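First up is the structure itself, then whatever we jot down about it.
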Amino acid sequence: WFLDYASYVILERAVPHLIDGLKPVQRRILHSMRRLEDGRYNKVANLVGHTMQYHPHGDASIADAMVQLGQKELLIDMQGNWGNILTGDRAAASRYIEARLSKFALEVVFNPKTTEWQASYDGRRKEPIDLPVKFPLLLAQGAEGIAVGLSTKILPHNFNELIQASIKILKGQSFTLYPDFLTGGIADVSNYNDGKRRGKVR
């Protein structure tokens, strides 16, 4: 039973998928937002309620995940008080804030033709196994999660540098890529070790 539980926490909750860089709750939020997309803002409370059709956990955990996704300023176009990562201020309650998918998300994250689908937890709907993201989202957003016997901490990277690195990969050229943070500052990457184990960034 412990192995079943550990596998569930690793695959269904805590650790992002390598292919699209999303945890299941984040993927389900984006899928739900795509289903409701009409170009207008939706109340986050409505989006959270809609996401519960796919994500069998509490509304508070979905709302928190959505705020974290929004604060990275990449996939979600926000309206209202979404908090401030510089001051640590929390976002307003989900009934007061609104969201829609960003133009970047609409262009890069979804393609129904290449998406593999699975049944949702109650078998009533279909949800994506992973999203066919045309961008290294895992490196752009970073990730943090603690599972059972496994944890992850991937640092975020600069959007423009990821685009340049992607072009260099396609051209077969070498490049160096270091973490970068939305909050700004100075980083010491002398012990980065190319992002491998035991590397450090100060």
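The values are calculated or read from the model by the stated rules, or taken from the named source; none is laboratory data. In this text, all values refer to a predicted model and were calculated from it rather than measured experimentally. Cβ atoms come from the backbone with ideal geometry, glycine included; neighbour counts cover every protein chain shown. All accessible areas refer to the heavy atoms of the entire protein, side chains included, with ligands and DNA or RNA removed. Shrake-Rupley method; radii C 1.70, N 1.55, O 1.52, S 1.80 Å.
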Considering the Cα trace of the chain, what is its radius of gyration and what is Dmax, both in angstroms? 17.6, 52
For Asp122, tell me the accessible area in Å² from a 1.4 Å probe, rounded to the nearest 10. 60
Thr176-Arg90 pseudo-label distance in nm [points 7 Å out on the Cα-to-Cβ vector]: 4.2
Per the Kirkwood formula on distinct C-alpha pairs, the Rh of region 116-202 is how many angstrom? 15.7
For region 42-98, accessible area per residue (1.4 Å probe, heavy atoms of protein chains only), Å²: 51
Quick check: at a probe of 1.4 Å, how many percent of the accessible area of the chain sits on carbon and sulfur atoms? 51
Helix-derived mean residue ellipticity, 222 nm - over the chain, DSSP H n ≥ 4, -39500 (n - 2.57), to 500: -9500 deg cm²/dmol
Search the structure for amide H atoms under 5 Å from the amide H of Lys23, placed 1.01 Å from N in the peptide plane, and list their residues when 5 or more places away or on another chain. His17
Eigenvalues of the Cα gyration tensor times 5, then square-rooted: what semi-axes does that give for region 84-154, in whole angstrom, largest first? 25, 20, 17
Listed here are the pairs Lys23/Lys43; Lys23/Lys171; Lys23/Lys113; Lys23/Lys168; Lys126/Lys168; which of them are more than 26 Å apart at the Cα? Lys23/Lys171; Lys23/Lys168; Lys126/Lys168
A convex hull over the alpha carbons of region 31-103 yields, per residue, a volume in Å³ of 79
Which residue, Asp20, Asp180, Asp89, tops the fluctuation ranking in a GNM of the chain built on C-alpha contacts under 10 Å? Asp89
